[in-house]
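Colleague: This is the structure, below, for whatever I ask next.
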Amino acid sequence: AQRVTQPEKLLSVFKGAPVELKCNYSYSGSPELFWYVQYSRQRLQLLLRHISRESIKGFTADLNKGETSFHLKKPFAQEEDSAMYYCALREGTSYGKLTFGQGTILTVHP
Amino acid sequence: DTGVSQDPRHKITKRGQNVTFRCDPISEHNRLYWYRQTLGQGPEFLTYFQNEAQLEKSRLLSDRFSAERPKGSFSTLEIQRTEQGDSAMYLCASSPKDSPYEQYFGPGTRLTVT
């Protein structure tokens with residue numbers, strides 16, 4: 001069965017520092033990977049997906065099939081990046097079911 | 001607000017009672033999803049509709065759970081004979097036909113079973 005692991009429940013950095021949120025997955029097929037974000041008192045929303053290979057709010061993520069990872073990176077963290085981040089996987093054969101990791105709370109200190 | 005809406009936002013019920021939640025997706029989104037989220041965990045998939053057809057169900061969706069989307073618009077999720085383990089946030093999401101990968105989430109319904 002597919003599984004998504006985010007090893008860090010909490011991550012704290014200072015403003016301007018680089019940040020990396022880790023995500024590892026296990027799935028034997030061709031997955032589609034996503035990062036979703038939930039800011040305080042807001043809804044869960046899509047941040048980025050690996051297929052688009054775009055940078056959103058300065059964040060990027062590269063799918064590494066060899067290491068089965070999809071880490072989220074930003075070179076210079078901002079205070080407004082403080083939020084809960086979820087990594088999610090969609091099976092290639094699924095209609096749209098997402099399997100989420102446990103989430104990482106990112107806190108960016110001034 | 002043109003986003004996904006859910007009603008009620010909070011529900012407290014006694015064990016053994018039945019509860020029903022409603023989700024109104026974004027207009028013209030043909031795909032609708034239900035997830036459950038417990039404290040400290042990410043959302044867990046429950047079920048998926050494309051228009052009015054329920055195409056995928058999780059094993060988490062026991063016999064006590066049933067979901068419908070009768071006209072391909074709003075959806076309901078019913079839990080019969082609630083148990084304390086059902087206490088969770090129930091999230092609904094929808095996605096458009098041309099972007100099935102992008103799920104728009106509602107605010108959720110928080111269920112507390114006492």
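Where a number appears in this text, it was derived from the coordinates with a stated rule and is not lab data. None of these values were measured; they are calculated from a predicted model. Methodologically, a virtual Cβ is constructed for each residue, glycine included, from the backbone with ideal geometry; neighbour enumeration extends over all protein chains shown.
Colleague: Can you give me the orientation-averaged projected area of the convex hull built on the Cα atoms of the range A:10-57, in nm²? Intermediate values should be presented prior to the final figure.
Modeller: Numbers: hull surface 19.4 nm².
If I average the Cα hull's projected area over directions, I get 4.8 nm².
Colleague: Answer rounded, prolate or oblate for the protein assembly as shown, using the Cα gyration tensor with square roots of eigenvalues a ≥ b ≥ c: rounded when a/c is under 1.5, else prolate when a/b is larger than b/c, else oblate.
Modeller: Working: a/c = 1.81, a/b = 1.52, b/c = 1.19.
Verdict is prolate for the protein assembly as shown.
Colleague: For the pair residue A:39/residue A:54, report the inter-label distance in nm, with labels modelled 7 Å from Cα in the Cβ direction.
Modeller: Taking the simple label geometry, residue A:39 and residue A:54 are separated by 1.8 nm.
Colleague: Further question on the same structure: Which values, in whole Å and largest first, are the semi-axes of the equivalent ellipsoid of chain B obtained as the square root of 5 times each eigenvalue of the Cα gyration tensor? Walk me through the intermediate numbers first.
Modeller: Numbers: eigenvalues 104, 39, 33 Å².
Semi-axes from the Cα gyration tensor: 23, 14, 13 Å.
Colleague: Sticking with this one: With 10 angstrom as the radius, rank B:49, A:14 by how many other C-beta atoms surround their C-beta, starting from the fewest. If you can, show how the numbers build up before the last one.
Modeller: Values: B:49 24, A:14 12.
The fewest-first ordering by Cβ neighbours comes to A:14, B:49.
Colleague: Given the options B:93, B:67, B:53, state which has the largest fluctuation in a GNM of chain B using a 10 Å cut-off (strictly under) for Cα springs.
Modeller: B:53
Colleague: Loop by DSSP (not H, G, I, E, B), at most 12 other beta-carbon atoms within 10 Å: where is the longest site-free stretch of chain B for GluC sites (Glu not before Pro)?
Modeller: Of all site-free stretches, the longest is B:29-82.
Colleague: Now, a different point. Quick one: net charge around residue B:86, please, counting Lys, Arg +1 and Asp, Glu -1 for every other residue with C-beta under 10 Å from its C-beta.
Modeller: On the way: positive: B:15, B:36, B:64, B:81; negative: B:83.
So the surrounding residues net to +3.
Colleague: Go ahead and set up a Gaussian network model of chain A, Cα springs under 10 Å, then flag whichever of A:69, A:28, A:82 fluctuates most.
Modeller: It is A:28.
Colleague: Give a quick list of trypsin sites (Lys or Arg not before Pro) in the range B:17-114 that DSSP marks as loop, anything other than H, G, I, E or B, with at most 12 other Cβ atoms within 10 Å. Walk me through the intermediate numbers first.
Modeller: Values: sites: B:22, B:31, B:36, B:57, B:59, B:64, B:71, B:81, B:97, B:110; in loops: B:59, B:64, B:71, B:81, B:97.
Within the range B:17-114, the qualifying trypsin sites (Lys or Arg not before Pro) (loop, at most 12 other Cβ atoms within 10 Å) are B:59, B:71, B:81, B:97.
Colleague: Which lysines does residue A:74 reach when only Cα atoms under 19 Å apart count, and residues fewer than 8 places away in its own chain are ignored?
Modeller: By straight Cα distance, residue A:74 reaches A:9, A:15, A:22, A:57.
Colleague: Can I ask one more? Explain nothing, just the number: relative contact order of chain B, from Cα pairs under 8 Å at least 6 residues apart, as a whole percent. Intermediate results must be reported in sequence, preceding the final value.
Modeller: Numbers: 287 pairs, mean separation 41.4, N = 114.
Computed value for chain B: 36 percent relative contact order.
Colleague: Here's a follow-up. What does the average come to when, for each residue of peptide B:98-109, you count the partner chain Cβ atoms lying within 10 Å of its Cβ? Spell out each step's value before the answer.
Modeller: On the way: counts 0, 1, 3, 9, 5, 9, 4, 7, 2, 4, 2, 0.
Taking all residues of B:98-109 together, the mean is 4.
Colleague: While we're here: What is the set of long-range amide H partners of residue A:47 at a cut-off below 5 Å, with H atoms built 1.01 Å from backbone N?
Modeller: Placed amide hydrogens put A:35, A:36, A:37 under 5 Å from residue A:47.
Colleague: Hey, another quick one. So how long is each side of the range A:70-110 along the principal axes, counting just the alpha-carbon atoms, biggest first, in Å?
Modeller: Sorted from largest, the Cα extents of the range A:70-110 read 43, 18, 12 Å.
Colleague: What's the extension gain from residue B:110 to residue B:2 if we count 0.36 nm per residue and subtract their Cα-Cα distance? Don't skip to the end; give the middle numbers.
Modeller: Numbers: separation 108, 0.36 × 108 = 38.88 nm, distance 2.11 nm.
Length difference between fully extended and current span is 36.8 nm.
Colleague: So how much slack lies between residue B:74 and residue B:20, counting 0.36 nm per residue of separation and subtracting their Cα-Cα distance, in nm? Provide the component values of the computation, followed by the final result.
Modeller: Working: separation 54, 0.36 × 54 = 19.44 nm, distance 1.28 nm.
Answer, rounded to one decimal: 18.2 nm.
Colleague: Within 10 Å of each residue's Cβ, count the other Cβ atoms and sort B:73, A:55 from fewest upward. Don't skip to the answer; put the middle values down first.
Modeller: Numbers: B:73 16, A:55 12.
Going from least to most buried by this count: A:55, B:73.
Colleague: Can you tally the net charge around residue B:97? Count Lys and Arg as +1, Asp and Glu as -1, for every other residue whose Cβ sits under 10 Å from the Cβ of residue B:97. Show your work: numbers first, answer last.
Modeller: Numbers: positive: B:31; negative: B:28, B:98.
Its environment carries a net charge of -1.
Colleague: Within the range A:45-90, report the chymotrypsin sites (Phe, Trp or Tyr not before Pro) that DSSP leaves as loop and that have at most 14 other Cβ atoms within 10 Å. Numbers along the way, then the final one.
Modeller: Values: sites: A:59, A:70, A:76, A:85, A:86; in loops: A:70, A:76.
Sparse-neighbourhood loop chymotrypsin sites (Phe, Trp or Tyr not before Pro): A:76.
Colleague: For residue A:8, which sequence-distant residues (separation of 5 or more, or a different chain) have an amide H within less than 5 Å of its own amide H, given hydrogens modelled in the peptide plane?
Modeller: The answer is A:22.
Colleague: What distance in nm separates the simple spin-label points at residue A:15 and residue A:68, each placed 7 Å from Cα in the Cβ direction?
Modeller: 4.0
Colleague: As I understand it, the dipole of the protein assembly as shown uses +1 on the Cβ of Lys and Arg and -1 on the Cβ of Asp and Glu, about the Cα centre. Which of B:19, A:17, B:43 lies farthest toward its positive end?
Modeller: Looking along the dipole axis, the top candidate is B:19.
Colleague: Which trypsin sites (Lys or Arg not before Pro) in chain A pass both tests, a DSSP loop state and at most 14 other beta-carbon atoms within 10 Å? Display every interim value, and only then the final one.
Modeller: Details: sites: A:3, A:9, A:15, A:22, A:41, A:43, A:49, A:53, A:57, A:65, A:73, A:90, A:97; in loops: A:9, A:15, A:22, A:41, A:43, A:53, A:57, A:65, A:97.
Those satisfying the criteria are A:9, A:15, A:41, A:53, A:57, A:65.
Colleague: D for chain A, whole µm²/s, Stokes-Einstein with Kirkwood Rh over alpha-carbon pairs at 4 °C and 1.567 mPa s: what number? Each step should come with its number before you reach the end.
Modeller: Values: Rh = 14.0 Å.
Approximately 93 µm²/s, per Stokes-Einstein.
Colleague: Using the Karplus curve 6.51 cos²θ - 1.76 cosθ + 1.60 with θ = phi - 60°, what ³J(HN,Hα) values do you get for each residue of the range B:14-19, in whole Hz, with x for Gly and Pro?
Modeller: For the range B:14-19, the Karplus-derived couplings read 8, 3, x, 7, 9, 9 Hz, x marking Gly and Pro.
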